[in-house]
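Remarks on the structure that follows.
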Amino acid sequence: MIKKTVRCAFCIFSLLSFFACGNVFLSCSNANQDTLLSDDSGTLRSTADSLYSATLWTEELELDRLNAKVSAVDGISSKLSLTPLIVAASVPAAGTEIFPQLGSFGSLDTTLIPKPLREMLTSFSDAISKNEDADRFFAKENLYSLALFYTDFFRIFSAPLDIDGFESQKKALTEQKNAETESTEGSESISSETVAVGSPENVDDLRLFTQVVLGQPFLDGRYYDVPVLFTSEKASLTLSVYCFEEAGSWKIDQIQIADWELFDVGE
């Protein structure tokens, strides 16, 4: 009986000792875990917080302007959706110029064309538009290039531009102008039917092409290759005009038809 009692007491004591050790172990474990969780001095977050706290920040400038919603910008069409790239492109860098492109004709940047050359090309283009003599613009040894040009020019444009009718109209206007210069009575003798209805009253305003555009030149040594675009309501003509400076004056070395187009304007 005594042995059973001692055995039961020993078992109870063992159980109590086990639970007591478990509680001590759990307490130590929780204490270590809390220490690990609370000690974050080496983490990225703690480092970032420290840097943020130690940084001297300035006050925000133009806060209202930065937060404002921009719906329109000067120089940008209201039809375009504003994006950072579009706004940036609307403000050219200092010292740079932006020139338009005209389809396959290319850039309209003529800043490399010297003023004397520009004046010569303007006079030459005017002569072509009026179907006048252009020999004076060419170097004498290269007049063959002008002859070749006229061969192709008349083959392409004689009928579409009615060059024969153009010359007849120009002749009538010239005669009328000469008659008016001689006397008032002479001008009355010119029949009004001689000049086509709706034609220019001044012979100087009569042209095969009504608009001329110079393009960006290509430089090849001493030569300037200048594209020249002629347009009218009936046709367009693009020339490559090769020029060079000789004895202080600009001359045309060669001329080539680079492109042309006939428009269907109907009757």
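Remarks
- Residue list for the range 102-154, restricted to those being within 23 Å of Leu262 (Cα to Cα), open to solvent by 10 Å² or more (accessible area, probe 1.4 Å) and small (Gly, Ala, Ser): Gly103, Ser104, Gly106, Ser107, Ala147
- Restricting the first member to the range 30-57 and to residues that are at pLDDT 85 or above, and the second to residues that are surrounded by 10 or more Cβ atoms within 10 Å (Cβ to Cβ), the beta-carbon pairs closer than 6 Å and six or more apart or on different chains are Ser46/Asp40.
- Answer from Ala172, Ala179 - the residue that is crowded, with 18+ Cβ neighbours inside 10 Å, over 21 Å from Arg118 (Cβ atoms), among the small types (Gly, Ala, Ser) and at pLDDT below 90: Ala172
- Contact map, the range 136-148: first residue part of a loop (DSSP other than H, G, I, E, B), second residue of a type outside the set (S, T, N, Q), Cβ cut-off under 9 Å, separation 6 or more or different chains; pairs are Ala139/Phe244; Ala139/Glu246; Ala139/Lys251; Ala139/Ile252; Ala139/Asp253.
- Residue within the range 155-164 that is hydroxyl-bearing (Ser, Thr, Tyr), open to solvent by less than 20 Å² (accessible area, probe 1.4 Å) and closer than 20 Å to Glu233 by Cβ present: no
- Test for Asp109: is it closer than 30 Å to Lys234 by Cβ, in a loop (DSSP other than H, G, I, E, B) and in contact with a Gly (Cβ under 9 Å, 6 or more places away or on another chain): yes
- Pairs linking a residue in the range 222-234 that is under 15 Å from Thr110 (Cα atoms) and touching a residue at least 24 places away in the same chain (Cβ under 8 Å) to a residue that is outside any loop (DSSP other than H, G, I, E, B) and β-branched (Val, Ile, Thr), with Cβ atoms under 6 Å and 6 or more positions apart or on different chains, are Val226/Val241; Val228/Val241; Leu229/Val213; Leu229/Thr238.
- Restricting the range 112-135 to residues that are in contact (Cβ under 8 Å) with a residue 12 or more places away in the chain and of a type in the set (A, V, I, L, M), the residue that is farthest from Ser232 (Cα to Cα): Leu112
The values are calculated or read from the model by the stated rules, or taken from the named source; none is laboratory data. Small disclaimer: the values here were computed from a predicted structure and weren't measured. Cβ: placed from backbone, ideal geometry, glycine included. Neighbour counts: every protein chain shown. We work out accessible area using only protein heavy atoms, side chains counted, and drop any ligands, DNA or RNA first. Shrake-Rupley method; radii C 1.70, N 1.55, O 1.52, S 1.80 Å.
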